[in-house]
Structure formats: C-alpha cells, structure tokens
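To start, the structure itself, in structure tokens.
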Amino acid sequence: MHLCFPDSFVDTSKAFICYGQYFTYAGNFGLSQQIQNSTGSLDELGVCHCSSVLPDSTFPADRFEMLEMSNQNMTITVEQQINKIHHYEITLNIYTERLANLTKRVEVMEMGGLSYTELDFELVKLEIREMEALVLQLKSSMNGTNVQVEALYLEMRNLSIMVSQLEVYDKNNVMVIRREIAALKKRLEDCEKNQTMKPTPHLPQMHNGTCQHGYIMNISKPFVVQLNYLGSGYMYGGWGRDSLPGANQDVQWVAPSNGRILYSYRIYNTYNDLLIYKYFTDNNTGNYGQGGGMIMFNKTMYFNCYESRSICKNSQGNKVELSVNLPNAAYNNRFSYSSSEYQDIDMAGDEEGLWAIYSTEENAGNFVISKIDPKSLVVKQTWTTAQYKPAATNAFMVCGVLYVTRAISTKQEEIFYMYDTKTEKEGWLSIPLEKPKEKVQSLSYNPNDHKLYMYNDGYLVNYDLNFKPPQKDKPEK
C-alpha cells in the first residue's frame, strides 16, 4: 500500500493516511468521519498522488443572519396585526353601543311612545346611513370576513328596513290624525276656558276674507303637514289653498320644483287626500313655469312663464291659456330671493285680489308691487319700494300690505319690513317666524283661513296669523 497525500483539501479540515483511508475532523467541533477509500498513483519520483472531495464544514453565518432578520420582521408584523385587532375591537364596541341606542329609539317609535314627524325619521335615517358607511369601511379594512362585523352590518340593514316601514306607516295618516286629535282637544279646552272669561277687548273679531283687522301682530308655531309628493329631492316649490276670498277651501294644491323649472302641479280634493297622497289630479303647466312663485286664485294657477318676464295662466289644464308680459320685470334669476332661485316674479293673493311681487332694473332691484287683473293679466296699478329684494328670503301680501322676511338663523326667520299700498308708507317690524328646516322657498297667505303656507326645503308647513286691531295700524319707521 502506498502512502497517498491528497492534492487539495479544504483549509479548515485536516487529512491524514491510515491504512489507505482518508479521515477528516472538523476543526473545533471535535468530530471525525471516514471519507472514502482512495487509490493513488506514483509519479516519476515515486510520490503517491490521490484526490479527495472533503465536505464543507464551514458554519453558515450569512444564512443564520437572514433567518434572524426574517424572524424580527415577522415579530413586528404580528405586533402590528395585534394592534389593529385591538383597534377593530374598540371601534366595534363603539358601533355596537350606538346601534343599541338607535335600536331603542326605533323600538319607541314602533310602539308609538312618541309623537314623531317626518323630520324625526330623516334624522334617524341619516344616522343609520352614517353607521352603515362606517361598518362598510370597517369591513373593507379587515381584508376578510368577521362574524361580529357581519352580524353588526346585518342588524344595521334590518334596522334601516324597519325605519322605512315605520315611515310609510306614518304616511298613512296614523300619526297625523293623532296630532290633529291632540290639537282639537287643546282647542276644545281653550274654548271651555273662554266660556267663563270675558272677551278680550283689544282683539278684533276676525272675518275671513275681509280686512277688518290691523297689521300682523304675531305668528303661531309651525305645523308640519308632510313631505311633498315627489320627495326630498324637490326642495323648491309652493303649496296652499285657493286664495280667492270665499273659494272652496277643501281643495289643496302642491307644486314641487327642481329649483328652476315647474313641470306640473297636483290638486287634491280634500286635506285628507293630501295626507295619504291619494285621489288627486296632476296638471302640466304647458310651456313650463319658472321658480316657486306660483299661486292658486279662483281655481286658476298663476306663475312666471319659463325664461321670460311674462305671467302665465293655467286653469288646471295641460296648457297655458294666457301669457302676458309684466312690464320691465327682471327675470332669469336677476333679482330672486336669497334662499330661492329663479323666483324673480312672485305671485300672491289676498283679500284685495291678485298681486305680482318682483323687481326692476329701474328700481335698482328693490321690491315692486303690481295689482294684476285675474282675467286679462293686465297691470292695474304699481308701487315701488326702497327694500332690496335679493336681501330678503321671501314675501307675501295681506290686505294690500307687503310683508318681507329675512333669515335670523337656521331655525328662525323674521318679518322685518312692510309696505302698505293704501297709505304708500313703509315700516320696519320684528316678528319672529320659526321654521323646521333651514331655507324658505315659498310663502303664500290665504285670506279664507288667515294662514300662512310655507314650502320649507320640500316640506309643507303652515302657520296661524294673529292681527292687531285696526286702530293700531301705524307701521314703525
């Protein structure tokens, strides 16, 4: 047997010959292992040569460092996910508490424990929509399903359906009738009290359709009837009863608008028909009306014709019967009210007849009042004022007196200006007028019931007007 020395070997290992077998041991680990039997060859000098492949016993420090970094990154990721889960848990608890509170409110509504209105429903539905949006945001951020979140979302949907059903139920006149019964009871109690009281000497006896009274003294709280028949998207328009003295007061008219164009209006035969949205007649305006300044006078609708300074006349048909130019009247939103677009020409009716309230360039945008002949639409007489029309929110006529309103806050208007066409004198007032919603789109007075009819962001509202005695008719200057 020849002694064979390997030609090459790994620097960190050592090899030696023992009976023709190569052995190696791995440095500091103290381990030895047999490699292989090897047959060598002699060269010219008699030296034995052989080759051997020794195992790599080097410690993999680089791979160990990579493993350590991966472990650190995974630890950070797990901590982030744990924090996110804690955040979701806190958010979910908040939503659950809000949902429990909302559910209790809906249960009270369902049991009829409170007298609620359309506004109450709108607020509840708004809160439900906000919570639905938050739950959807929570679902999308979790990148997966969660039983608790899914249950919360399902409960939100059920609650939304329940509120919608309750709202429809309310529209079927149940709560409206309940409120009317309560109001009638209150009036009956007041009448019983007045039986034992002497008549108040300073208040005049009211005669519907006449002007046997003074200026407006104060206005009652608002009475919300309901939302217009086209829904909350139609925030502009007008409504009321026939303003001709002595006209049939069972008839109700509603004219929703998209802000500029008046396509049609609806006539109800009775107040109860109005409340349940049934038994009505729809009427087209023909060439279309413009703005929310319409009025019914003697079974006929009067309004500003589309894109013109003309007054249109429509006797509950599908076409314009008569259209007459209103001299020098501004139109197309030139001098409209501050809270209502395209109401440059505002028609009104009172004890004295039919009126047009508008502005002209010649009068610098200030109010102009014209008495209109209902049959021919010819201007009988005109008065000019010093009050700038776009600074007002709306206006109406009572016994030949123009009353102008302005906004005090989102919940209150004020009658601040008046002009008497009989005396041709103006005056300054401060009569508060509460409003359920922020903007007033239309005000119409009815001489038959002495009520003021407001179209308020799509809702139909009315008020009782109280007047001063005739001898106190001295406007403040």
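For a protection proxy built on the mean count of beta-carbon atoms within 10 angstrom, sort 258-268, 81-91, 445-455, 423-433 highest first, please.
For the peptides 258-268, 81-91, 445-455, 423-433, the packing ranking is 445-455, 258-268, 423-433, 81-91.
List residues of the range 351-391, by number, whose backbone nitrogen lies under 17 Å from a label position 7 Å along Cα→C-beta of Ser315.
373-378
Along Cα→Cβ, 7 Å out, is where each label goes; now give me the distance between the ones at Asn83 and Asn332 in nm to one decimal.
6.1 nm
Tell me the carbon and sulfur percent of the accessible area for the range 248-361, rounded to whole percent, probe radius 1.4 Å.
Taking all protein chains in place, the range 248-361 shows 40 percent carbon and sulfur surface.
Apply the Karplus parameterisation 6.51 cos²θ - 1.76 cosθ + 1.60, with θ equal to phi minus 60°, to every residue of the range 255-261 and state each ³J(HN,Hα) to the nearest whole Hz, in sequence, with x for glycine and proline.
Computed from phi, the couplings for the range 255-261 are 10, x, 9, 8, x, 10, 8 Hz.
Could you tell me which of the pairs Lys278/Lys375; Lys299/Lys437; Lys313/Lys435; Lys221/Lys425; Lys422/Lys451 are separated by over 25 angstrom between their Cα atoms in the structure shown?
Lys278/Lys375; Lys299/Lys437; Lys313/Lys435; Lys221/Lys425
Need one number: nm distance between label points at Thr91 and Ala133, each 7 Å from Cα along Cα→Cβ, rounded to one decimal.
Result: 1.5 nm between the two label points.
Output the peptides 65-71, 360-366 sorted from most to least packed, where packing is the average of other Cβ atoms within 10 Å over each peptide's residues.
Descending packing order for the listed peptides: 360-366, 65-71.
Based on the mean of other Cβ atoms within 10 Å per residue, sort peptides 239-251, 344-356 so the most packed one is first.
Top of the packing list down: 344-356, 239-251.
Have a look at Asn283, Met217, Asn269 and report the one farthest towards the positive end of the charge dipole of the range 202-285, computed about the Cα centre with Cβ charges (Lys/Arg +1, Asp/Glu -1).
Most positive-ward Cα: Met217.
Name the residue from Thr423, Ala407, Met397 whose Cα lies farthest towards the positive end of the charge dipole of the range 396-439, charges +1 on Cβ of Lys and Arg and -1 on Cβ of Asp and Glu.
Of the listed residues, the answer is Ala407.
Starting from 0.36 nm per residue, how many nanometres of slack lie between Ala391 and Ala61 once their C-alpha separation is accounted for?
110.5 nm
So what's the net charge close to Phe367: Lys and Arg +1, Asp and Glu -1, counting the other residues with Cβ under 11 Å from its Cβ?
Summing Lys/Arg as +1 and Asp/Glu as -1 gives -1.
In a shell of Cβ-Cβ distance under 15 Å around Tyr337, excluding Tyr337 itself, what net charge do Lys and Arg (+1) and Asp and Glu (-1) give?
Net local charge, Tyr337 excluded: -1.
In debye, nearest 20: dipole of the range 330-406 around its Cα centre with unit charges on the Cβ of K, R (+) and D, E (-)?
60 debye
Modelling each spin label as a point 7 Å along the Cα-to-Cβ direction, I'd like the Gln72/Leu42 distance in nm, to one decimal.
About 6.1 nm separates the two model spin labels.
The values are calculated or read from the model by the stated rules, or taken from the named source; none is laboratory data. Note that the structure is predicted; figures quoted are calculated from it, not measured. For neighbour counting, all protein chains shown are included, and Cβ atoms are generated from backbone atoms with ideal geometry for every residue, glycine included. Protein only, heavy atoms only, side chains kept; ligands, DNA and RNA dropped before computing areas. Shrake-Rupley method; radii C 1.70, N 1.55, O 1.52, S 1.80 Å.
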